[in-house]
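Notes to accompany the following structure.
The values are calculated or read from the model by the stated rules, or taken from the named source; none is laboratory data. Treat the numbers as computed from the prediction; the structure is a model and nothing was measured. Every residue, glycine as well, gets a Cβ built from its backbone with ideal geometry; the counts of neighbours run over all protein chains shown.
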Amino acid sequence: MSMDMDQPEKTKFYFEQGIKYYPNSANTYDSLADYYERTGDKASALQAVTKAYELNPDPYYKERMESLKGN
């Protein structure tokens with residue numbers, strides 16, 4: 001919701017809190033990747049989605065990694 005309301009600082013804070021409380025959740029890293037992608041930081045988005053894939057080797061995360069790499 002914070003992303004839709006154009007509140008990037010709040011959005012990042014909430015996603016980082018999610019990682020703090022759920023460090024083994026691929027979804028939390030995927031959400032952070034959404035934030036980075038939306039703010040134009042593709043390198044950080046790729047790093048976050050790569051971590052999501054390490055935690056859960058779901059094909060969705062792999063496809064997203066490839067998309068961020070530009071393949």
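On inspection, Tyr36 fails the criterion of being among the hydroxyl-bearing types (Ser, Thr, Tyr), modelled with pLDDT of 90 or more and in contact with an Asp or Glu (Cβ under 9 Å, 6 or more places away or on another chain).
Right, Leu68: surrounded by 13 or more Cβ atoms within 10 Å (Cβ to Cβ), within 9 Å of the chain's Cα centre (by Cα) and assigned to a helix (DSSP H, G or I) or not? So Leu68 fails the test.
Within the stretch 39-55, residues that are part of a loop (DSSP other than H, G, I, E, B) have Cβ atoms under 9 Å from residues that are at pLDDT 95 or above and buried (at least 16 other Cβ atoms within 10 Å of the Cβ) in these pairs: Thr39/Ala45, counting only partners at least 6 apart in sequence or on another chain.
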